[in-house]
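Presented below is the structure to which this report refers.
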Amino acid sequence: MADSITITDNRNGNTIEVPIVNGGVDAAQWSKLLPGVWFLDPSFGATASTQSAITDLDGENGILRYRGYPIEELAEKSTYLEVAYLLVHGDLPTSAEYEAWQYDITHHTFIHENMRKRFLDGFHYDAHPMGMLVSALAALSTFYPEAKDIDDREVRLKQIIRLIAKTPTIAAACHRFYAGLPFNYPDNELSFPENFLQMMWRVGDPKYDADPRLVRAIDILFMLHADHEQNCSTTAMRVIGSSHADPYSSAAGAAAGLYGPRHGGANEAVVRMLTSIGHMDNVGAFIDGVKSGSGRLQGFGHRVYKNYDPRAKIIKNAAYDVFEVTGKNPLLDVALKLEETALSDEYFISRKLYPNVDFYSGLIYQAMGFPIDFYPVLFAIPRMSGWCAHWNEMLDQNQRISRPRQVYTGAPVRGYVPIAQRI
Ligand code: ACO
């Protein structure tokens, strides 16, 4: 049997055979047969927006691989910085490559003093850190005007290093502003996750000694959040980047996409939901409410995963390691009961709704003392490497500007009526 699809335009009997390549068909070829007929797919549920060699996601079987490496293996054996290199460069680094990468990232963690003192300090005292981050990423483009030279691969790589390196610094600066604490400068002696934790939490002491178990937990969470193929924010990055906007402006758009509760804001929503449920005994009533349409079970369901999200499994285990240090998050029992109840309920089974990455991550962040508003920021820090890898790949592919069509459903042509004559 041929690995192709034949379609016929019944209006005129014209026919076209399109090959199936890597599980996809070339819509542009179909368009040759159907000029002026658009493929209506508002949320891109049936559309592959690009070919990509970065992340392999098989939602039916719960598989996630970065550049071919299973997420489980990376989470066990690798570090976030190595994973960021893998995503951006395509292969795991040699020792020399890793050393150079680590040096470059470490030596680009500082932000311009105006950025911190004048830009970030100008926000309202209780500004949401995600709003601050989105704005700060866009503002970075004004500090690095050479970033517009997107045809130069070296210039591109320099901006990628800056974005990966500076995002934790900006994130921590947003927190310190909100908390009313002085900014902590990056410490070049520390690893990527340790440096982030010292910028967040160090008060007074000249050195910050993070518990290695918490450092490892953050590193694992960063690895799990680094990329997830063509999700909402990554698609935003590619779409904005396709206009040849600079990477800082593109990343600001991507971060804005991540902010929403259906995407990176879900971990925040999970903790708010668990807090409002309050006790295991209330789980049954809450699930009944979800089934009758009064809200969603936050941290459950995914556009692509129709099986257990592999990241959720790893995070669930990491949670126990964190709780050994911080003490158990009292909401864990509510979460476990909620998961158990939902996974044995026909409503969730029939819709293939499983815990996603956000179901347990918020519990870890809460136990580690991160303010609830800050959770999407914790997602954005590592996702920056994925956004940058996709932006770079899109430019290497010399992609045309993203410009979908629409199916117009509005009024037919009509004449302008002067305001005095309108009824
Ligand atoms: N709770 C209850 N019902 C749900 C949930 C949920 N969390 N998610 C989906 N459903 C139901 C829908 O009501 C729908 O039911 P119906 O067929 O009777 O109408 C069915 O399952 C399919 O849902 P859709 O909304 O069509 O699924 P979609 O792929 O568009 O949405 C999404 C995916 C946005 C993630 C959704 O599952 C959701 O809102 N989940 C809660 C928020 C969340 O956890 N987001 C984080 C996602 S992971 C990430 O971005 C990092």
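Just so it is clear, none of the values below were taken in a lab; they were calculated from the coordinates. What you see is a predicted model; the values in this text were computed from it and never measured. Counting neighbours? That spans all protein chains shown, and the Cβs are built from the backbone with ideal geometry, glycine included.
The table below gives the values:
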quantity	calculated
The stretch 266-367: mean projected area of Cα convex hull, nm²	5.8 nm²
Pairs beyond 30 Å (Cα-Cα), from 291/316; 117/148; 207/328; 32/158; 77/117	32/158; 77/117
For the stretch 259-307, the Rg and Dmax computed from alpha carbons only, in angstrom	11.5, 32
Percent of Cα-Cα distances greater than 18 Å, calculated over the stretch 147-262	61 percent
Approximate spin-label separation residue 17-residue 294, in nm, with each point projected 7 Å along Cα-to-Cβ	5.9 nm
Equivalent ellipsoid, the stretch 160-226 (semi-axes from 5 times Cα gyration tensor eigenvalues, Å)	18, 15, 11
In degrees, nearest ten, helix 232-241 long axis to first principal axis of the chain (Cα)	70 degrees
Net charge of neighbours whose Cβ lies under 12 Å from the Cβ of residue 239, counting Lys and Arg as +1 and Asp and Glu as -1	+3
With at most 14 neighbouring Cβ atoms within 10 Å, loop GluC sites (Glu not before Pro) (DSSP) excluded, longest segment of the chain	190-423
Kirkwood Rh, Cα atoms: Rg over Rh of the stretch 4-58	1.02
For the stretch 357-423, convex hull of alpha carbons as volume per residue, Å³	269 Å³
Helix axis angle, 80-89 relative to the chain longest principal axis, alpha carbon, degrees	30 degrees
Rounded Å value of the spacing that divides the Cα centres of the stretch 324-366 and the stretch 144-199	32 Å
Net charge of Cβ neighbours under 12 Å - reference residue 265; Lys, Arg +1; Asp, Glu -1	-1
Modelled FRET efficiency - R0 35 Å, residue 26 with residue 413, Cβ distances, 0.05 increments	0.50
Gain in span if fully extended, residue 303 to residue 60, counting 0.36 nm per residue against the direct Cα distance	86.4 nm
The stretch 53-169 - percent relative contact order, Cα under 8 Å, separation 6 or more	20 percent
Signed unit charges on C-beta, dipole axis of the stretch 4-58, positive-most listed residue 21, 46, 6	6
If the convex hull is drawn through the Cα atoms of the chain, its volume per residue in Å³	221 Å³
Given charges at beta-carbon only (K, R positive; D, E negative), |dipole| of the chain in Debye	1600 debye
Distance in nm between pseudo-label sites at residue 285 and residue 76 (7 Å out along the Cβ direction from Cα)	4.4 nm
Mean Cβ neighbour count within 10 Å, used as a protection proxy, ranking 132-144, 276-288 highest first	132-144, 276-288
In degrees, nearest ten, helix 247-259 long axis to first principal axis of the chain (Cα)	90 degrees
Extension gain from residue 112 to residue 397, taking 0.36 nm per residue of separation minus the Cα-Cα distance	99.3 nm
Estimated FRET transfer efficiency (residue 321, residue 1; beta-carbon r; R0 60 Å; 0.05)	0.75
With 5 Å bins from 0: P(r) over the stretch 235-292, alpha-carbon pairs, percent	4, 18, 16, 14, 11, 9, 8, 9, 7, 4, 1
Sorted by Cβ density within 10 Å, fewest first, the residues 302, 228, 390	302, 228, 390
Amide N of the stretch 306-337 lying under 15 Å from the label point, which is placed 7 angstrom from the Cα of residue 213 along Cα→Cβ	317-329
Backbone N within the stretch 386-423 under 20 Å of label point (7 Å from residue 38 Cα along the Cβ vector)	400-414
Simple spin-label estimate for residue 125 and residue 148 in nanometres, 7 Å along Cα-Cβ	4.0 nm
Contact order normalised by residue count of the stretch 163-264, Cα under 8 Å, 6+ apart, percent	18 percent
Charge tally in the Cβ shell below 13 Å around residue 321, where Lys, Arg are +1 and Asp, Glu are -1, residue 321 excluded	0
